[in-house]
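Novice: Can you keep this structure in mind? I'll have questions shortly.
Just so it is clear, none of the values below were taken in a lab; they were calculated from the coordinates. This is a predicted model, so every value here is computed, not measured. No Cβ is skipped: glycine too gets one built from the backbone with ideal geometry, and neighbour counts run over all protein chains shown.
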Amino acid sequence: MNWEIVIGLEIHAQMSTKSKLMCNCDASFTSEANTHICPICTGQPGMLPVINKQVVESAMMIGLATKCNIRKLNEFARKNYFYPDLPKGYQISQYDKPICENGSLEIDVNGVKRTIGITRIHMEEDAGKLVHAGSDNIKDASYSLADLNRSSVPLCEIVSEPDLRSAEEATAYAQKIRQIVRYLGVCDGNMEEGSLRCDANISVRPKGQTTLGTKTEVKNLNSFKAIEKAINIEVERQIDILEEGGEIVQETRHYNEATNSTKSMRSKEDAHDYRYFPDPDLVPLLIDDAWIKKVQDALPELPEEKKNRYMNSLSLSEYDANVITVEKETVAFFEETISFGAKPKDTVNWIMSEVLGTLNQKGIELSQTKLTPKLLAELLILIDKNTISGKIAKTILPQIIETGENAEKIVAEKGLAQVSDQGEIKKIVEAVINENAKVIEDIKGGNPKAMGFLVGQIMKRSAGKANPGIVNELLNELLS
Amino acid sequence: MTIDKKTVEHLAKLSRLRFSDNELVSFTKSLDDIFQYANSLQKVNTDGISPSAHAIPLQNVFKEDEVITYKDIDKLLDNCADVENHCFKVPRILTN
Ligand SMILES: [Zn+2]
């Protein structure tokens, strides 16, 4: 049978605010257990939570960037359950009145563009962290230790419609969300450290069927690779069951990256009744049009807008505009480099291949080098003015990255400036012609490779400094 | 619906509280009284009144995003029955 895959993603993005959602404790990570806690985030009797205004604005920013409607009258709800990482016995969240609804996002997989619906975005607090003593496995642990530093750290949960039709689309969507929250500066997007966590609701149905199949929720997707692999393996599992005449059980499954498999997490305890109700500690949150407009006006330029601007006013190709806008740091570097007069197209090529390539080899980030946009621009301008060849530029880039010296200085010190003096180049060309009588015969016999060899010899003898245009001109002249 | 002893026992277990038999009897009675009192709200006619989440006309109470370090963390840990490595020690969560 022909199966259609149906996926919806729930992404938890940790808001990079200074303080927690409901109290003034430091929201940043620390390995020292229980040092960022207070009566509120440890759920002491009589405490009173108060909403962090910045989290509301961050949630509005994500909503506006994904074309959501912003709700005017917001409520917070208690989601009740008992677990030792949840000191109050409930999580403060939003239930039937999330701050953002009905948005959408465009993704592009191998040139095919699709619009993915965003059902809702809501604010909630994180739970604490448990370390199980005596075993890695919670079932074999003799007891557990709770660290509440993370308790009440602000999260935005971004829920997509079941619009994704493949693991690639799901990955592209997750990457797009990460890109947007990073551009907005509301979340650092670090998946390894858990600032961005992803759950996937997965089902399959026979192609053409309109009703949804029974879904499973796969958790623990901590990288884009894990999202893709987990979805593929879960889809395969579901199709196997259905093709053997079985039924899918609606359940939560845990993805194990080491074994590349999913495993049922809870069984009968999963019949959760969270007994949601409005949290009487928190007063309603009203968002008026003026506030929405203020946040909208302050939104930074988003990846999609940048991309279009680069294509329209900088004449970049769609491919170049795409690659240069993926990471916020790269795009900032790009914009600054061209502000110093470097040509946009060359700048994209140099950043994406030479600069990032060299940094990758060294295993460092753009921000960790001595290369500045100004230094890169100076290097590219030297190529543009024919002072040095692209090849020479590539050889001195590592030195600029290492030392932060400017290209002009290095070129002068090492005598690398391109030779465009006809007379000087002519001497070299003639010498090479004289020494390679056999090659000249080949060229006259019509072998194009022989010409390349000759040019290579000339460039080598000039230490890469001969202007290649003049070399070709002279060769044609002398051999005709 | 009424609150019976079994409900209180279950709640106590979930909340990790231990009650004596006498306490169990008295808490059951008190909780049931509270529950029945709250139940009297059901008698109020709310036709034509839109649902609300809050009783007092107050809205948009925020805190600014600034870090204020809490000074008495040891007191918070003292409230826990057991502490290990500056963590709240909790009994085994799942059994086989
Ligand atoms: Zn706190």
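Novice: Per residue of the stretch A:10-25, in order, report the coupling 6.51 cos²θ - 1.76 cosθ + 1.60 (Karplus, θ = phi - 60°) as ³J(HN,Hα) in whole Hz, putting x for Gly and Pro.
Specialist: With coefficients 6.51, -1.76 and 1.60, one gets 10, 10, 9, 10, 7, 6, 8, 7, 6, 10, 6, 5, 10, 9, 9, 5 Hz.
Novice: Quick one: what does P(r) look like for the stretch A:81-179 with 5 Å bins over all Cα pairs, in whole %?
Specialist: Reading upward from the zero bin: 3, 11, 16, 15, 12, 12, 14, 10, 5, 2, 0.
Novice: Efficiency by 1/(1 + (r/R0)^6): what FRET value for A:Lys139 and A:Ser223, r their Cβ-Cβ distance, R0 = 25 Å, to the nearest 0.05?
Specialist: Step by step, r from the Cβ atoms, then E = 0.45.
Novice: Moving on to the next point. Between B:Val83, B:Val67, B:Val44, where does the largest GNM mean-square fluctuation fall for chain B, given springs only between Cα atoms within less than 10 Å?
Specialist: Comparing B:Val83, B:Val67, B:Val44 in the GNM, the peak value goes to B:Val67.
Novice: Here is a further query. First measure r as the distance between the Cβ atoms of A:Asn447 and A:Val419, then evaluate 1/(1 + (r/R0)^6) with R0 = 41 Å and state the FRET efficiency to the nearest 0.05.
Specialist: Values: r = 28 Å, r/R0 = 0.67.
Computed FRET efficiency for A:Asn447 and A:Val419: 0.90.
Novice: Report, in degrees rounded to the nearest 10, the 0 to 90 angle that the Cα long axis of helix A:373-384 makes with the longest principal axis of chain A.
Specialist: 30
Novice: Pairs A:Lys53/B:Lys71; A:Lys129/B:Lys6; A:Lys79/B:Lys6: which are spaced more than 28 Å apart, C-alpha to C-alpha?
Specialist: Flagged as over cut-off: A:Lys129/B:Lys6.
Novice: Also, quick follow-up: Obtain the nm distance between the two label points defined at A:Thr210 and A:Glu247 by a simple spin-label model: each point lies 7 Å from its Cα along the Cα-to-C-beta direction.
Specialist: A separation of 2.4 nm, rounded to one decimal place.
Novice: If you don't mind, there's one more thing I want to ask. Along each of its three principal axes, how wide is the spread of alpha-carbon positions in the stretch A:301-414, in whole angstrom units, largest first?
Specialist: 43, 31, 19
Novice: Return P(r) of chain A (all Cα-Cα pairs; 20 Å bins starting at 0; whole %; ordered from short to long distances).
Specialist: 19, 41, 25, 12, 2
Novice: For a test of the definition: using alpha carbon positions, the gyration tensor, and the 1.5 limit on a/c, classify the stretch A:262-334 as rounded, prolate or oblate.
Specialist: Oblate is the answer for the stretch A:262-334, as a/c is 1.5 or above yet b/c matches or exceeds a/b.
Novice: A:Glu402 to A:Lys374: extension gain in nm, 0.36 nm per residue of separation minus the Cα-Cα distance? Mind dumping the intermediate values first?
Specialist: Working: separation 28, 0.36 × 28 = 10.08 nm, distance 1.51 nm.
Gain on extension, A:Glu402 to A:Lys374, equals 8.6 nm.
Novice: Another question, if that's okay. Using only Cα atoms, what is the ratio of the radius of gyration of the stretch A:422-479 to 2.2 N^0.38 Å?
Specialist: Dividing the Cα Rg of the stretch A:422-479 by 2.2 N^0.38 Å gives 1.01.
Novice: Got a sec to turn the phi values of the stretch A:199-213 into Karplus ³J(HN,Hα) couplings, 6.51 cos²θ - 1.76 cosθ + 1.60 with θ = phi - 60°, whole Hz, x for Gly and Pro?
Specialist: 10, 10, 8, 10, 8, 10, 8, x, 3, x, 6, 9, 6, 7, x
Novice: Would you mind checking the tilt of helix A:167-184 against the longest principal axis of the Cα atoms of chain A, expressed as 0 to 90 degrees and rounded to 10?
Specialist: 90
Novice: Please flag any cysteine in the protein assembly as shown that has no other cysteine's Cβ under 4.7 angstrom from its own Cβ.
Specialist: A:Cys23, A:Cys25, A:Cys38, A:Cys41, A:Cys156, A:Cys187, A:Cys198, B:Cys80, B:Cys87
Novice: While we're here: For the stretch A:171-235, just run the numbers: alpha carbon Rg, then divide by 2.2 N^0.38 Å, N being how many residues it has.
Specialist: Compactness ratio reported: 1.30.
Novice: Can you pull the mean other chain C-beta count within 10 Å for peptide A:139-148?
Specialist: That works out to 5 on average.
Novice: May I pose another question? What residues have an amide H closer than 5 Å to that of A:Val109, excluding those fewer than 5 places away on the same chain, when H is modeled at 1.01 Å from N in the peptide plane?
Specialist: Under 5 Å from the amide H of A:Val109: A:Arg114.
Novice: Where does chain A land at 222 nm, in deg cm²/dmol rounded to the nearest 500, when only DSSP H runs of n ≥ 4 count, each adding -39500 (n - 2.57), divided by all residues? All intermediate terms of the calculation are to be shown ahead of the outcome.
Specialist: Values: 16 runs with 186 residues, N = 480.
That calculation yields -12000 deg cm²/dmol at 222 nm.
Novice: In addition: For A:Lys385, go through the lysines and keep the ones whose alpha-carbon is under 19 Å away, minus same-chain ones fewer than eight residues off.
Specialist: A:Lys343, A:Lys345, A:Lys374, A:Lys394, A:Lys409, A:Lys414, A:Lys465
Novice: Antiparallel versus total DSSP beta bridges in chain A: what percent is that, nearest 5?
Specialist: Just about 95 percent of them are antiparallel.
Novice: Per 5 Å bin, what is the whole-percent P(r) computed from every C-alpha pair distance within chain B?
Specialist: 2, 8, 10, 11, 10, 13, 16, 15, 10, 4, 1, 0
Novice: Treating the stretch A:1-119 as a set of equal point scatterers at the Cα positions, no solvent, please give the Debye-formula log₁₀ I(q)/I(0) at q = 0.17, 0.21 Å⁻¹.
Specialist: -1.02, -1.32
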